[in-house]
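Report on the following structure.
The values are calculated or read from the model by the stated rules, or taken from the named source; none is laboratory data. None of these values were measured; they are calculated from a predicted model. Counting neighbours? That spans all protein chains shown, and the Cβs are built from the backbone with ideal geometry, glycine included. Surface accessibility is based on the protein's heavy atoms, side chains included, excluding ligands, DNA and RNA. Shrake-Rupley method; radii C 1.70, N 1.55, O 1.52, S 1.80 Å.
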Amino acid sequence: MARILTGVQSTGRPHLGNILGAILPAVELANKVENDSFLFIADLHSLTQIKDSKILNENSFQVAATWLACGLNPDLTTIYRQSDVPQCTELAWYLNCYYPYQRLKLAHSFKDKADRLEDVNAGLFSYPMLMAADILLYDADFVPVGKDQLQHLEMTRDVAARINHKYGDVFILPKEIIEKNNQLIPGTDGEKMSKSRNNTIDIFESEKTIKNIINKNIITDNTPLEDSKDPNSSTVYRLFKLLASKDRSGKMADNLLAGGYGWGHAKKELLEEILYTFSEQREKFTHYINHPDEVEEILQKGALKAQKVAKKTLDRVRKNLGYN
Ligand code: ADP
Ligand code: TRP
């Protein structure tokens with residue numbers, strides 16, 4: 001049974017792009033019974049940027065509620081908060097001491113962020129070693145990640161190999177699974193949907209708010225109602241096509257091309273499609289928001305399972321390093 005582990009950033013409530021592009025495919029992989037899956041909310045990583053305790057806490061909750069609402073089965077996947085397993089920070093320290101400063105300096109993610117962010121702290125710099133600890137602590141065989149995380153996986157293998165070279169087989173060298181078929185979900189402005197672009201659709205908002213976002217933020221041309229319209233000229237159709245059946249999206253394209261059918265009609269259909277596609281997820285999400293104790297209980301159960309594995313690995317590491 002292969003152990004699959006991945007971490008998700010806790011930067012607030014995930015949007016439609018995150019859900020279609022990352023969460024739903026990951027849930028499918030995680031719920032496969034032949035896999036031993038671990039999924040954690042990387043709230044220690046968040047501390048490099050979020051210094052507001054309320055927001056830090058709330059973000060983790062929103063992320064956990066989203067994954068659960070999107071079908072992650074806590075009986076099949078160990079879901080936990082990174083900060084609930086303190087063994088991770090201990091291992092990160094050991095790894096930091098076995099990894100050359102000069103190599104950490106080569107991390108793309110740090111260089112990118114150091115240019116953009118105001119708060120460039122030491123945690124941000126040693127982030128790859130915390131990520132290596134996240135992975136090595138659980139003897140993960142496979143780590144599903146986006147392309148941008150590839151270098152972090154290489155650093156993880158590098159530091160693990162350095163320790164293995166000195167002490168024998170202390171760590172399993174993990175392999176990445178790169179999400180190649182990730183669909184790119186357009187935002188309301190037609191560019192990649194992203195928090196930083198302010199072009200997101202939040203499927204957990206009220207019907208009224210989603211309607212407003214669709215009506216106000218999705219740009220359409222002002223072709224008269226009776227004229228023929230190019231379906232692909234607006235994000236309304238592109239988003240509709242991602243959600244609706246082939247039949248239904250074909251019908252919308254025909255209507256737009258035929259004329260007598262306006263963008264207002266298409267926007268109304270898009271709203272209905274979002275509410276219909278995500279009705280179960282919306283219901284579950286509302287349930288979790290109203291029952292935060294249930295989410296907490298799931299996370300605590302996950303943390304206990306994770307700690308059990310973590311303690312075993314850390315014992316092994318401590319013995320090898322000379323702390324016995
Ligand atoms: P954001 O760009 O909103 O900050 P993140 O970078 O936190 O989103 O991405 C979290 C996950 O969601 C990543 O796996 C990323 O590949 C995926 N993702 C983000 N935006 C999109 C999108 N527009 N289409 C498809 N996947 C996306
Ligand atoms: N750095 C990852 C990201 O930005 C999140 C992450 C943290 C992670 N620790 C991990 C992913 C361990 C996989 C495994 O998306």
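In debye, nearest 20: dipole of the chain around its Cα centre with unit charges on the Cβ of K, R (+) and D, E (-)? Please list the in-between numbers first.
Details: 41 positive and 43 negative charges, 179 e Å.
For the chain, the charge dipole is close to 860 debye.
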Charge tally for neighbours of I218 with beta carbon under 13 Å away, counting Lys, Arg as +1 and Asp, Glu as -1, is +1
Heads up, region 204-261 by the C-alpha gyration tensor (a ≥ b ≥ c square roots of eigenvalues; a/c under 1.5 rounded, else a/b over b/c prolate, else oblate) looks oblate
Phi-derived 3J(HN,Hα) across region 219-227 with the Karplus relation (6.51, -1.76, 1.60, θ = phi - 60°), rounded Hz, x for Gly and Pro, is 7, 10, 7, 9, 4, x, 3, 6, 7
Spelling it out for S37: with amide H atoms placed in the peptide plane at 1.01 Å from N, the residues 5 or more places away or on another chain with amide H under 5 Å from its amide H are I4, T78
Of all DSSP beta bridges having both residues in the chain, the percent classed as antiparallel (nearest 5) is 5
Dipole check, region 82-202, charges on Cβ (K,R +1; D,E -1), about Cα centroid: among L124, Q183, I135 the Cα furthest to the positive pole belongs to L124
Listed by chain and number, the lysines with an alpha carbon less than 17 angstrom from that of K175, same-chain partners under 8 positions apart left out, are K147
For the chain, the longest principal axis of the Cα atoms and the Cα long axis of helix 292-321 enclose an angle in degrees, to the nearest 10, of 30
Only helices counted: for the chain, with every DSSP H run of 4 or more residues adding -39500 (n - 2.57) and the sum spread over all residues, [θ] at 222 nm is -17000 deg cm²/dmol
GNM of the chain, Cα pairs under 10 angstrom: of N73, N121, N31, the biggest fluctuation goes to N121
With the charge dipole of the chain built from beta-carbon charges (+1 for Lys and Arg, -1 for Asp and Glu) about the Cα centre, the Cα from A161, S194, A306 projecting farthest to the positive end belongs to A161
Among K312, K54, K147, the residue with the largest mean-square fluctuation in a Gaussian network model of the chain built from Cα contacts under 10 Å is K54
For H291 the rounded accessible area (nearest 10 Å², probe 1.4 Å, non-protein molecules ignored) is 80
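Would you mind giving the average projected area, over all directions, of the Cα convex hull of region 148-242 in nm² with one decimal? Present the calculation step by step, with values, prior to reporting the outcome.
Working: hull surface 37.5 nm².
Over every viewing direction, the Cα hull of region 148-242 projects on average to 9.4 nm².
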By the C-alpha gyration tensor axes a ≥ b ≥ c (rounded if a/c is under 1.5, else prolate when a/b exceeds b/c, else oblate), the shape of the chain is prolate
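Longest exposed-loop-site-free stretch of the chain, with GluC sites (Glu not before Pro), DSSP loop and at most 10 other Cβ within 10 Å? Walk me through the intermediate numbers first.
Details: sites that count: E34, E118, E226.
Of all site-free stretches, the longest is 119-225.
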Given the candidates L76, A26, G7, the one whose Cα lies deepest towards the positive end of the charge dipole of region 1-82, counting +1 at each Lys or Arg C-beta and -1 at each Asp or Glu C-beta, is G7
Of every hundred units of 1.4 Å-probe accessible area on the chain, the number belonging to carbon and sulfur atoms, as a percent, is 50
For K319, the lysines lying under 23 Å Cα to Cα, once residues fewer than eight places off in the same chain are dropped, come out as K166, K305, K308, K311
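Between their Cα atoms, which of K113/K192; K216/K246; K216/K241; K229/K268; K208/K251 are more than 22 Å away from each other? Intermediate results must be reported in sequence, preceding the final value.
Values: K113/K192 20 Å; K216/K246 27 Å; K216/K241 20 Å; K229/K268 16 Å; K208/K251 25 Å.
Correct reply: K216/K246; K208/K251.
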Rounded to the nearest 10, the angle in degrees between the Cα long axis of helix 246-258 and the longest principal axis of the Cα atoms of the chain comes to 40
Filtered hits (aspartates and glutamates, Cα-Cα < 16 Å from K32, offset >= 8 within chain) -> D75, D141
The distance between the Cα centres of region 178-201 and region 256-275, in whole Å, is 21
In whole angstrom, the spacing between the Cα centers of region 131-146 and region 34-73 equals 16
Cα-Cα pairs in region 45-171 separated by more than 23 Å, as a whole percent of all pairs, come to 39
Measuring from the longest principal axis of the C-alpha atoms of the chain, the long axis of helix 150-167 (C-alpha) lies at a number of degrees, nearest 10, equal to 10
